[in-house]
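Rule-based calculations on the coordinates, nothing more; no lab input. Remember, it's a predicted structure, so these values are computed and weren't measured experimentally. Here the Cβ is made from the backbone with ideal geometry for all residues, glycine too, and neighbour counts use every protein chain on show.
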C-alpha cells in the first residue's frame, strides 16, 4: 500500500508507491552518455583560454582546476534593485556572492563514476578547499549535475559552488529542525541519531566503511536516492576529511545496477549561518523520471521504488 513518509531532516513529504513501477515505460535502466568531444571541450587542459581565469589548481600540470562560472547566477558585487512602489508584494535584492566551476579531472569524461578513487578524492578535497575560501557566505551549496536531463550543459565532469549571502528556505527549514531536535533531546544531533538508528535497523543501509555510511533515505524522493553521511557527525563538510571512498563506491553501485551511470544530481549540505546544530551530508538523486504536475505543484514527490528495496539491490551488488 502507498505510504506518505516525512523526511526526518527536511520535513518534506514523499509518497512511496511501489506499485506504480508496473506502469508502462517505468523500468530502471540508464543509457551511457555519448563520449565527450575533445575538440569542443572547454574544460580540457590546453583550453584554459576558453574559460575565465584560473582561481585555483592542485598543481602544474593540474588535476583539478577552479574558475568563475562564465554565466554566473551570483556575482561578487551587484547593484541594489530599485525599491518597488509596493514592497509588500514585490521585493528584490542583489544576487551577490560567488559562482565557481570546479573541473573534477583533466580527462574528458562525463561522470564521477569514471574517475579513479585517487582522482575523486582529489576533487572532493578541492570542493572542501573552495568552501573554506567562501567561509563568510551565509550558505555554500555545492552541486554536480550529470547528464543533459539533469541540467549539465557541458558534459566534462565538473562541480559548481554557489556561495550565497542568504540562506535558502529549504536549508533554513533543515537548520530549524536540527535546532528543535537538539532542544527536544537535550543536545542530540539529528543526523547523528538518524544514522545510528538506520545502522541499527539495517534495512536502508547500502554500505558502511570506517569513515561513513551510505543509505537510501526513509522518504526517498526518487528511485535509488542515496544519502552519504560521516559515522561521526560533523557540522561542516569543509572541516572534515572523510567520505570520498564511499562516494566512489556509491557511484559504482549505481552504475552496476542501472547498466550505466544515470543522469543525476549530487549536492553537499554543510552548516549554514545561524545554525547551532547541524550535520553535513552528500545526497545523490538519479534522474530516472521527470517531476510532473504533483511534484511541481505541491512539492510532494512520488517514489515508485521503495528505499528498502533499492538498498537491498545496491547492497547485494
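The table below lists the values:
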| quantity | calculated |
| --- | --- |
| Residue 15-residue 39 FRET efficiency (beta carbon distance; Förster radius 45 Å; 0.05 resolution) | 0.50 |
| Separation in nanometres of the label points that stand 7 Å from Cα toward Cβ, at residue 62 and residue 210 | 3.3 |
| For segment 99-151, diffusion coefficient by Stokes-Einstein and Kirkwood Rh (Cα), 4 °C, 1.567 mPa s, µm²/s | 104 |
| Rg(Cα)/(2.2 N^0.38 Å) for segment 29-163, N = residue count | 1.21 |
| Calculated [θ] (222 nm, deg cm²/dmol) that DSSP helices of n ≥ 4 give over the chain, each run adding -39,500 (n - 2.57) | -7500 deg cm²/dmol |
| Packing-based order for 51-60, 290-299, 215-224, 123-132, using average beta carbon neighbours within 10 Å, highest first | 215-224, 123-132, 51-60, 290-299 |
| Taking the convex hull of Cα positions in segment 171-315, its mean projected area over all directions (nm²) | 9.0 |
| Label-point separation, residue 176 to residue 294 (7 Å along Cα→Cβ), nm | 2.6 |
| Residues 113, 78 arranged by fewest to most Cβ contacts within 10 Å | 78, 113 |
| Estimated FRET transfer efficiency when R0 is 22 angstrom, pair residue 183-residue 273 (beta carbons, to 0.05) | 0.70 |
| Rg in Å to one decimal, and Dmax rounded to a whole Å, for the chain via C-alpha atoms | 19.9, 61 |
| The chain: relative contact order as a whole-number percent, Cα under 8 Å and 6+ apart | 23 |
| Cα gyration tensor, segment 1-94 - rounded (a/c under 1.5), prolate or oblate | oblate |
| Sorted by Cβ neighbour density within 10 Å, fewest at the top, the residues 181, 71 | 71, 181 |
| Nearest-0.05 FRET efficiency for residue 260 and residue 88, computed from C-beta distance (R0 41 Å) | 0.20 |
| For a label point 7 Å along the Cα-to-beta-carbon line of residue 71, residues of segment 107-145 with backbone N under 19 Å | 143-145 |
| Cα shape, segment 147-216, gyration tensor, a/c 1.5 rule | oblate |
| Value of relative contact order over segment 190-230, rounded to a whole percent, pairs C-alpha under 8 Å and six or more apart | 28 |
